[in-house]
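Working notes, beginning with the structure itself.
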Amino acid sequence: MYKLVRRILFWFPPESVHYFSMNFFRALCGIGFIRRTLAAFFKPSFGEQVALKTKTGTLHIKNPVGLGAGFDKNALYLRELEVMGFGFVEIGTVTPKPQSGNDKPRLFRLPADKALINRMGFNNDGAERIAARLKRWRDLQAVRSNPSGLIIGGNIGKNKLTPNEEAWRDYEICFEALFDYVDYFTVNVSSPNTPGLRALQDKDALKQILTNLQQKNTSKPMPRPIFLKIAPDLTPEQVDDVIELALEINLDGIVATNTTISREHLITNATKVAAIGAGGLSGKPVQQMSTAIVKQIVEKTNGVVPVIASGGIFNGADAREKLQAGAAAIQVWTGFIYEGPGIIKKICHSL
């Protein structure tokens, strides 16, 4: 059924159809009996709860399938994503100030490769507005007789105009604004769509950002787990540097990986790919790159540093590949676009 729907949706610009689809689903979920019917259809009927142990506690996730950052940047669709059956959802990337992101078009499909290219540029409503939206969600959950239990992660970044030497302040602002409303944080220094951002993956720059956040975190009555999201384009030596830093500062975990700037081994016509231009490539082409980094992190840390795996997950076999590599949980994004909301249930049943 979804293949037919996807064929129609793929006639239209990706970014426009994304908001149209989610707004339509939100309208359906606004009607109680329809929402319950959809939940019964999409939610996994069984599944083992995941206990994601971190330095600051344990996140009890209903199932290991999460949604990666970038899909619900502004925390607009939490109810709808919970209805679809996600075990956890990462909102953002959130920046201190609102920003519109890069010029459109900035999202492109490569169906032959089961991939996407995006250069969104951290378009979001800003930390203050998103925090207020999350507060409303939390308040609503508090009065419900049967709260969803959806785990929410806050993916945080810096504004485009903030110089790298001041980047740590942006991460701190977002951390403080979202702290009361998210279950964990992911520090995003690996998007290729904000100029100079990936330079923050350098060990010294990264240490400044993460050490400051750790200090803020440990001063709280109930610290939140802090994860770091890294690029698949890092060399093994650079990944080792990240691992060394993670162990040194007791980082709670790593999200592996973000999108890649590589364009190697694509089936899509090279002229078409070149015409699309810059941006991060996600989907099937990232699968093996991501898995290799997951394995490296798990082996080098003896599994002490939890890993959330992201990259090229479209079905149960892809999910098992990541989990067998040592990942504690997985995130889908591009696979969700190509396979539809049924992907969560299919993966959970397969596992």
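Return the whole-Å distance between the Cα centroid of segment 312-337 and the Cα centroid of segment 233-290.
15 Å
For the chain, rounded, prolate or oblate, judged on the Cα gyration tensor with a ≥ b ≥ c (square roots of eigenvalues), a/c < 1.5 rounded, else prolate if a/b > b/c?
Rounded, since a/c falls under 1.5.
What is the antiparallel percent of DSSP beta bridges lying wholly in the chain, to the nearest 5?
Numbers: 15 of 43 bridges.
Here the antiparallel bridges make up roughly 35 percent for the chain.
Only helical DSSP H runs with n ≥ 4 go in: add -39500 (n - 2.57) per run for the chain, normalise by residue count and round the 222 nm mean residue ellipticity to 500 deg cm²/dmol.
My calculation for the chain gives -12500 deg cm²/dmol from helical runs alone.
For CYS29, what charge total do you get from the other residues with a beta carbon under 12 Å from its beta carbon, if Lys and Arg give +1 and Asp and Glu give -1?
Within the 12 Å Cβ shell, the charges total +2.
Between VAL182, VAL242, VAL273, where does the largest GNM mean-square fluctuation fall for the chain, given springs only between Cα atoms within less than 10 Å?
VAL273
What is the dipole size for the chain, taken about its Cα centre, with +1 at each Lys and Arg Cβ and -1 at each Asp and Glu Cβ, in debye to the nearest 20?
About 1340 debye.
Could you run the Karplus curve 6.51 cos²θ - 1.76 cosθ + 1.60 with θ = phi - 60° over segment 4-16 and give me ³J(HN,Hα) per residue in whole Hz, x for Gly and Pro?
Rounded to whole hertz, the list is 5, 4, 4, 4, 6, 4, 6, 6, 10, x, x, 5, 5.
Got the relative contact order for the chain handy, in percent, Cα pairs under 8 Å and 6 or more residues apart?
Answer for the chain is 19 percent.
From the mean inverse distance of alpha carbon pairs (Kirkwood) and the Cα radius of gyration, derive Rg over Rh for segment 154-313. Let's see the in-between values first.
Values: Rg = 16.0 Å, Rh = 16.3 Å.
With Rh from the inverse mean 1/r over Cα pairs, Rg/Rh is 0.98.
Highest first, please rank the peptides 89-95, 102-108, 59-65 by the mean number of other Cβ atoms sitting within 10 Å of their residues.
Working: 89-95: 28.1, 102-108: 16.1, 59-65: 22.4.
Taking the mean over residues of other Cβ atoms within 10 Å, the ranking is 89-95, 59-65, 102-108.
Anything over 18 Å Cα to Cα? Flag those among LYS300/LYS322; LYS62/LYS229; LYS3/LYS322; LYS158/LYS207; LYS73/LYS97; LYS114/LYS295, in the order listed.
From the list (LYS300/LYS322; LYS62/LYS229; LYS3/LYS322; LYS158/LYS207; LYS73/LYS97; LYS114/LYS295), the Cα-Cα distance tops 18 Å for LYS62/LYS229; LYS3/LYS322; LYS114/LYS295.
Once you order the gyration tensor axes a ≥ b ≥ c over the Cα atoms, which shape class does segment 1-115 get: rounded for a/c under 1.5, otherwise prolate or oblate by comparing a/b with b/c?
oblate
How high is the relative contact order of segment 31-189, in percent, counting Cα pairs under 8 Å that sit 6 or more residues apart?
On the way: 271 pairs, mean separation 34.8, N = 159.
The normalised contact order for segment 31-189 reaches 22 percent.
Using only Cα atoms, locate the centre of segment 209-228 and the centre of segment 124-189, then give the distance between them in Å, rounded to an integer.
Value for the Cα centre distance between the two parts: 14 Å.
Mind checking which of ALA292, ALA309, ALA167 has the largest fluctuation in a GNM of the chain, springs on alpha carbons under 10 Å?
In the Gaussian network model the winner is ALA292.
Need one word for segment 195-254: rounded, prolate or oblate. Basis is the Cα gyration tensor (sqrt eigenvalues a ≥ b ≥ c); a/c below 1.5 gives rounded, then a/b vs b/c decides.
Details: a/c = 2.22, a/b = 1.80, b/c = 1.23.
It comes out prolate by the Cα gyration axes.
Rule-based calculations on the coordinates, nothing more; no lab input. If you're wondering where the values come from, they're calculated on a predicted model, not measured in any experiment. Backbone-built Cβ (ideal geometry, glycine too); neighbour counts: all protein chains shown.
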